[in-house]
Amino acid sequence: MNGLIKNTNPARSSLRKHSKIKAGNSLLISALLASVLGLAGMQSFAFDLKGVLKEAAEKELGKSPETPATDAGQTQPTTTGASSSENTAAKTSEPEFNWKNPSKEEEIALGREIAGNLLGAAPLVKDTALQKYVNSVGRWVASQSERPDLPWRFGVIESEDLNAFAAPGGYIMLTKGLYRKLSNEAQLAGVLGHEIGHVVKKHQLKVLQKQQLLNIGAGFLSDKYAKDNKLASKAIGTGAEISARSLDKSAEYEADRLGLSYATRAGYEPYGLTEVLQTIGQTNKNDGSVALLFKTHPHPDERLVALGDAIGNKLDNVKNGKTLENRFYQLKN
């Protein structure tokens, strides 16, 4: 993208303006809310995002779709088979989840459970090429983060809401409704970068840790709950509720900054995320498709102001950022 186009980029101009001026169709389907708000009494969906995306992503996730730079060096963890008896033994001997200082493995296991329950209510879009494409872009952006070693998994879920979700350990999903609003790969990279930022800084995990430690300290957990070492019964209810509860504003602002940074490092036009925020900000606040997003996030105008204040003119010298609209995957329906 040449300098003239970048200088007239509406998102770039808007962000500059916001840096100087302080003021600036359903709720993710009823089934999702039922799942999010009432999972404590439901059995865990034995869902493994890696399994669902196996055909869509596992075969070619080591390849970026002609990304601005190559991520061929990235490798993905593989799983090995185990007998039924071995699995049973592993479950019965599973150590208690360490809420005070979760290990990386515990964080990933927790995120897998949360993602599984969310996907049990709003499944992945049945489009293998779409899922593979989003995984390729997401993994490339994630490789620019401080936690490239996580087993990152990305997906587009069946919902016309405008939203995206991150679960601990590297599980990230955006809705089909939000994907429809995107027009190029740089915008997708910015959105995924924001969610990657949440995972890198463990924003959702910290909320869960605080809640669980408070519960334990207050004696809210029954003996069975406290002694049960199965991760699902320990965290699945409160974990899924993360998707319907707002994080601290500072966490959202931090994720915006990180998302912009990761996308820029990956070779994309830096202002893809701000373009998406502008688009969402123009949506009528009474539109049901943004009700949950506006409830759990600062208004896009506030986020643009915060980004402008944080970045100022630091990105003015960034050249040749890619938008890649010609490569952007178009939904079939």
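Every read-out reported here was derived from the displayed coordinates using simple, explicitly stated rules and does not represent laboratory data. Since this is a predicted model, take the numbers as computed values, not measurements. All Cβ positions, even for glycine, are placed from backbone atoms using ideal geometry, and neighbour counts span all protein chains on display.
Pairs spanning more than 24 Å between alpha-carbon atoms, out of 285/332; 181/285; 132/314: 285/332; 132/314.
Under 5 Å between amide hydrogens, built in the peptide plane, is the criterion, and for residue 268 it picks out 322 among residues at least 5 positions away or on other chains.
Checking the table 176/202; 210/322; 176/295; 201/319 against a 31 Å threshold on Cα-Cα, which pairs fail?
Beyond 31 Å between Cα atoms: 210/322.
Between residue 331 and residue 316, the modelled labels are 3.9 nm apart [label points 7 Å from Cα along Cα→Cβ]. Ordering of 113-126, 190-203 by packing is 190-203, 113-126, highest average first (other Cβ atoms within 10 Å, averaged per residue).
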